[in-house]
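Beneath this line is the structure, given in structure tokens, with notes to follow.
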Amino acid sequence: MSADSRIEAITQRIVEQSRPFREPYLDRVRAAAEKGVHRSVLSCGNLAHGFAVCSPSDKEALAGDRVPNLGIITSYNDMLSAHQPFETYPELIRQAAREAGGVAQVAGGVPAMCDGVTQGQPGMELSLFSRDLIAMAAAVGLSHNMFDAVVFLGVCDKIVPGLTIAALTFGHLPAVFIPAGPMTSGLPNDEKARVRQLYAEGKVGRAELLEAESKSYHGPGTCTFYGTANSNQMLMEIMGFHMPGASFINPGTPLREALTKESAKRALAITAQGNEFTPAGEMIDERSIVNGVVGLHATGGSTNHTLHLIAMARAAGIVLTWKDISDLSDIVPLIARVYPNGLADVNHFHAAGGMGFLIKELLKDGMLHDDVRTVYGQGLSAYTIDPKLGDNGAVLREPSPAHSHDPRILANIDAPFQKTGGLKMLTGNLGSAVIKISAVKPERHVIEAPAKVFHDQLELNEAFKNGELTGDFVAVVRFQGPKANGMPELHKLTTILGILQDRGQRVALLTDGRMSGASGKVPAAIHVTPEAVDGGAIARIVNGDIIRLDAVAGTLNVLVDEATLSVRPIPSVDLEANAFGMGRELFAPFRAVAGPADRGASVLFN
């Protein structure tokens, strides 16, 4: 199946703008691959250190180049629900490797922080930069030069993008991503949101709020709403880094274990020592990146990926821009409704047909490139399946259903929930920004209202408590960009602005910070660039200025003449409080060199 001509045209544009970077990248990948099995270049002393704790049989195998060695990069910790299941994965993977005639070793661990724990806390200011730190930490593990392929164990917000950057930096090695899966469904997400709103209004206490949150986040696995963590899993599957059907199988199930072992064996099967060599850097190309963006739009995925996908692509020498993402949004229909874009969670999405049905429908309409390479060894059509557990304990893949099991959650492409995707770029005299509109009602896609200016989300929270947020307004929350304070998510604003909107006020958010995959029903122009600390026009807005946010036309403007706006002084804001505590002082070099949001807010690719 060939892709729609409009998809092809945008893909070709990406190919052309990437050429100066992609071709040298591929030259480096191929040169590294041509060196052969890399343990052969290690001295005896190097190698002895590398397998000192291995069993005698594994030492014998690794002493030569007869068997492949599989590196494991893990984000395991037992505080975070999404990563706790990884505790047992290394032994499963070692077992699978032995069964396949190979060896597996844990090459290294990477940090995994949870935005759910750090929301509104100082630690959130480390969150975005942890993505690039994770890539660096994975590189340290892989720098030992002991491995023929790698499996990456990661799930959540910055972890998978960081691991992807690492996988593509070591693009001469095959790479398979192994997820842990979502936790089973608990308290419905809309009920959790209702209790949060009641708490914000002072109608229930902390005990009731904690009870609701604990019933929602209640066991091992990923949070069940469709935020960045689950958008990550969708991306890894639709881009071909997962085995087909791997994304949304619950932890602790026989099928989850079978998929984990199968993934390890497949990684060993696609090394340079076999006949299906699939180095990650050649497997992922411009078509794979476009497929990822299409999946993001079709599912109403996380706004964070307007940062992460750009950085991930750049690691492979591919230049992806907000314009590319926005232009694809105008073509790709929204065919999934998962909270916060609907009432269902990801378990309901999977039960409705999940990734297999989603990919089948997008391929049917030419929205995806089928002719891509994947770790499975076939085009994307091979992912149009429903995973089951076979009688022999192995993974069985049945064809995806012809129709959605629940069209309220997952629609056939000829009857989409909306004709365009969930993410758009905005441009105007305030610079560039991103907006997620998949959960925003059409009558709120255009907001024109006076500005109320704040310099952090706590100020806005206090104004709400004091009853100062009356009438229609656009909340301007600035000095929240990567250089100012690491670009934290401003998720606490979701509930407050939602309450005001429910009261009948027309409200919106304008910020150079992030809003996350939980962005919901309130129109929010986020990731504004240039950011305030870089002298962006957002820094020159004053209370009462009329802001016009038009998600239909794709524009974002302050209705002040250019002559007046350009001579306004930029306010002096003391950011010293953001420089220390909870490790923030260690990240000062990251803040100093961070690139702008429209280039991924990265310290690696500016």
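Return the residue satisfying two criteria in turn: it lies in the stretch 131-146 and is touching a residue at least 24 places away in the same chain (Cβ under 8 Å) and not in a helix (DSSP H, G or I), and of such residues it is farthest from A594 (Cα to Cα). Within the stretch 131-146, the match that is farthest from A594 (Cα to Cα) is M146. Which one is surrounded by the fewest Cβ atoms within 10 Å (Cβ to Cβ) among residues in the stretch 425-442 that are outside any strand (DSSP E or B) and at pLDDT 95 or above? Among them, the one singled out is N429.
At least 2 residues being at pLDDT below 85, of a type in the set (A, V, I, L, M) and out of contact with any Pro (no Cβ under 6 Å at 6 or more places or on another chain) is the threshold, and among the helices (runs of 4 or more DSSP H) wholly inside the stretch 152-218 those reaching it are 189-200, 206-216. Could you list all residues from the stretch 461-496 that are aliphatic (A, V, I, L, M) and in contact with a Lys or Arg (Cβ under 8 Å, 6 or more places away or on another chain)? Residues satisfying the conditions are A463, L469, V474, A475, V476, A484, M487, L490.
Quick check: anything in the stretch 80-99 among the aliphatic types (A, V, I, L, M), modelled with pLDDT of 95 or more, farther than 19 Å from D157 by Cα and not in a helix (DSSP H, G or I)? The answer is no, given that none of the residues of the stretch 80-99 is among the aliphatic types (A, V, I, L, M), modelled with pLDDT of 95 or more, farther than 19 Å from D157 by Cα and not in a helix (DSSP H, G or I). Screening the candidates L493, L500, L509 for the property of being outside the structural domain of G300 (by TED's automatic domain parsing), part of a strand (DSSP E or B) and in contact (Cβ under 8 Å) with a residue 24 or more places away in the chain yields one hit, L509.
Condition check ((1) assigned to a helix (DSSP H, G or I); (2) within 15 Å of G536 (Cβ to Cβ)) across all residues:
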{"residue": "V573", "(1), (2)": "no, yes"}
{"residue": "A577", "(1), (2)": "yes, no"}
{"residue": "F580", "(1), (2)": "no, no"}
{"residue": "L586", "(1), (2)": "yes, no"}
{"residue": "P589", "(1), (2)": "yes, no"}
{"residue": "D598", "(1), (2)": "yes, yes"}
{"residue": "S602", "(1), (2)": "no, no"}
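If you go through the stretch 265-298 and keep only what is over 22 Å from D27 (Cβ atoms), modelled with pLDDT of 95 or more and either surrounded by fewer than 24 Cβ atoms within 10 Å (Cβ to Cβ) or of a type in the set (V, I, T) (or both), you end up with K265, R266, A269, E276, V290, V293, V294. Taking the stretch 592-604 as the range and being closer than 15 Å to R514 by Cβ and either in contact with a helix residue (DSSP H, G or I) (Cβ under 6 Å, 6 or more places away or on another chain) or aliphatic (A, V, I, L, M) (or both) as the test, the residues that pass are A594, A597, D598, G600, A601, S602. The listed residues are S263, S247, S231, and the only one of them that is closer than 26 Å to T299 by Cα, within 26 Å of the chain's Cα centre (by Cα) and in a loop (DSSP other than H, G, I, E, B) turns out to be S247. Can you find even one residue in the stretch 517-534 that is modelled with pLDDT of 95 or more, surrounded by fewer than 17 Cβ atoms within 10 Å (Cβ to Cβ) and out of contact with any His (no Cβ under 8 Å at 6 or more places or on another chain)? No, every residue in the stretch 517-534 fails to be modelled with pLDDT of 95 or more, surrounded by fewer than 17 Cβ atoms within 10 Å (Cβ to Cβ) and out of contact with any His (no Cβ under 8 Å at 6 or more places or on another chain). For the stretch 266-293, enumerate the residues that are touching a Lys or Arg at 6+ places or on another chain (Cβ under 9 Å) and among the hydrophobic types (A, V, I, L, M, F, W, C). Result: M283, I284. Taking the stretch 267-285 as the range and being part of a helix (DSSP H, G or I) and either within 18 Å of the chain's Cα centre (by Cα) or not acidic (D, E) (or both) as the test, the residues that pass are A267, L268, A269, A280, G281, M283. Would you confirm whether any residue within the stretch 470-492 is surrounded by 15 or more Cβ atoms within 10 Å (Cβ to Cβ) and among the hydroxyl-bearing types (S, T, Y)? No, because not a single residue in the stretch 470-492 is surrounded by 15 or more Cβ atoms within 10 Å (Cβ to Cβ) and among the hydroxyl-bearing types (S, T, Y).
Every residue, every condition in (1) free of Cβ contacts under 8 Å to residues at least 60 places away in the same chain; (2) within 20 Å of the chain's Cα centre (by Cα), yes or no:
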{"position": "E562", "(1), (2)": "no, no"}
{"position": "V567", "(1), (2)": "yes, no"}
{"position": "L575", "(1), (2)": "no, no"}
{"position": "A579", "(1), (2)": "yes, no"}
{"position": "M582", "(1), (2)": "no, no"}
{"position": "E585", "(1), (2)": "yes, no"}
{"position": "A588", "(1), (2)": "yes, no"}
{"position": "G595", "(1), (2)": "no, yes"}
{"position": "L604", "(1), (2)": "no, yes"}
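Here the stretch 443-469 is the region considered, the condition is being of a type in the set (K, R) and surrounded by fewer than 18 Cβ atoms within 10 Å (Cβ to Cβ), and the residue that is farthest from the chain's Cα centre (by Cα) is K465.
The values are calculated or read from the model by the stated rules, or taken from the named source; none is laboratory data. Remember, it's a predicted structure, so these values are computed and weren't measured experimentally. As a convention, Cβ positions derive from the backbone with ideal geometry for all residues, glycine included, and neighbour counts pool all protein chains shown.
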